[in-house]
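Here's the structure, in structure tokens; my notes come after.
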There are 2 protein chains.
Amino acid sequence: MVQDSIRTLQAQGHKATKPRKLVLEVLEETEKPLSPYDIKRILRARGKYLNHVTIYRILNLLCSLNLAHKMLSSGGFVKCSLDAIEGCHRFMVCQHCGAIQEFADKELCQEENDFAQNFGFHTEHHLSEFSGLCSQCYRK
Amino acid sequence: MVQDSIRTLQAQGHKATKPRKLVLEVLEETEKPLSPYDIKRILRARGKYLNHVTIYRILNLLCSLNLAHKMLSSGGFVKCSLDAIEGCHRFMVCQHCGAIQEFADKELCQEENDFAQNFGFHTEHHLSEFSGLCSQCYRK
DNA sequence: GGGCTAATTGTAATAATGTTGCATTTAGCC
DNA sequence: GGCTAAATGCAACATTATTACAATTAGCCC
């Protein structure tokens, strides 16, 4: 919910401004990775105007608070629906409908980090992105 | 080796041109994700000039032949050193020195795809990126 | 409610990155 | 060496991203 994100913002000493609410609403409704300019275009189509500089700043803020996430392959932004587990974010992106779904599995993350450790690599963050077909699109 | 990539190019009916060799050399030597303009700048510093349009086209070609790979988080390009396993590419990126290392594990990839399958998701490609510290930088 | 102030947003200018159509050059072939 | 399709270069343009500074506003006080 947008309200949850707003509360998190305020809890960290940030203001609950109109532009921030608008960006969060668009991310929440769209459920697909959006670039800053995508967001600008969507809002403009609704008669709302936000400067692109503002959108960049808002997205940076949201990412720094883990309220949004920058997708790996496309560079688009999505609203985070889950907390990171062991510093790991995992997304499925449907090649057909573009929908994204975030998911998490503590065990899997641990295994992956252990694997890297065997190469002498000390993992801090771990991003993982699946592309394929979601259950709905697969049935068609 | 650059020579291997060149041979692959020719085997697929593409020409072994100077620009293509130059781009492959830079990718091979640098061992870090590079944007098209990064490559242009590096070459220019060596007194070689390549048009940025040419570099874009070469990188697209290399990616389509799986000779290079576009990194997830940065969007930079790297030379592929391993074949994809089960459609999975896995990279470690050192936050300190920027070096990247590609690695692969059939079992792990299988587990990840199975995991997605449990959510009804049919995976075609799987990109995974670790950021942290490589063994050398960790010791410091 | 009205005023205050730091935080936030908007503006304008510019830089950086990507894309397209067409002219020129070149690798691989005879 | 000459030929031709493939590849590169060029020019113009579109899109995306960043910076410094001016204007606005949310949250707080009374």
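The values are calculated or read from the model by the stated rules, or taken from the named source; none is laboratory data. Since we're looking at a predicted model, the values are computed, not measured. When we count neighbours, we look across all protein chains shown, and the Cβ atoms used for this are built from the backbone with ideal geometry, even at glycine.
Counting only residues that are farther than 18 Å from residue B:105 by Cα and not hydroxyl-bearing (Ser, Thr, Tyr), region A:110-138 holds 7 of them. The set of residues from region B:28-44 being among the aliphatic types (A, V, I, L, M) and at pLDDT below 95 comprises just one member, B:34. Consider region B:1-42 and keep the residues that are among the polar types (S, T, N, Q), more than 14 Å from chain A (Cβ to nearest Cβ) and out of contact with any Asp or Glu (no Cβ under 9 Å at 6 or more places or on another chain). The one that is nearest to DNA strand D (Cβ to nearest atom) is B:17. Residues in region A:116-140 that are assigned to a helix (DSSP H, G or I) and under 19 Å from residue A:71 (Cβ atoms): A:137 alone.
In region B:50-70, is there at least one residue being of a type in the set (D, E, K, R), farther than 30 Å from residue A:138 by Cβ and part of a helix (DSSP H, G or I)? Yes, region B:50-70 has at least one match.
The one condition from (1) surrounded by fewer than 20 Cβ atoms within 10 Å (Cβ to Cβ); (2) more than 9 Å from DNA strand D (Cβ to nearest atom) that residue B:62 does not meet is (1). For region A:93-115, residues that are assigned to a strand (DSSP E or B) and of a type in the set (A, V, I, L, M) total 2. For region B:46-67, a residue qualifies if it is within 14 Å of DNA strand C (Cβ to nearest atom) and among the small types (Gly, Ala, Ser), and exactly one does: B:64.
For region A:29-45, the candidate set comprises residues that are exposed (fewer than 15 other Cβ atoms within 10 Å of the Cβ) and not hydrophobic (A, V, I, L, M, F, W, C); within that set, the residue that is farthest from DNA strand C (Cβ to nearest atom) is A:29.
Residue selection: residue B:129 fails the criterion of being on the phi > 0 side of the Ramachandran plot, within 18 Å of the chain's Cα centre (by Cα) and either away from DNA strand D (no atom under 16 Å from the Cβ) or surrounded by 15 or more Cβ atoms within 10 Å (Cβ to Cβ) (or both). Residues in region B:1-21 that are in a helix (DSSP H, G or I), in contact with a helix residue (DSSP H, G or I) (Cβ under 6 Å, 6 or more places away or on another chain) and either without any contact (Cβ under 8 Å) to a residue 60 or more places away in the chain or among the hydrophobic types (A, V, I, L, M, F, W, C) (or both): B:2, B:19, B:20. Pairing each residue of region B:48-69 that is more than 14 Å from chain A (Cβ to nearest Cβ) and more than 15 Å from residue B:26 (Cβ to Cβ) with any residue that is among the polar types (S, T, N, Q) and away from DNA strand D (no atom under 11 Å from the Cβ), provided the two are 6+ apart or on different chains, yields C-beta distances under 7 Å for B:65/B:8.
You will find that of A:77, A:121, A:103, the residue that is facing chain B (nearest Cβ under 8 Å) and at pLDDT below 85 is A:103 and no other.
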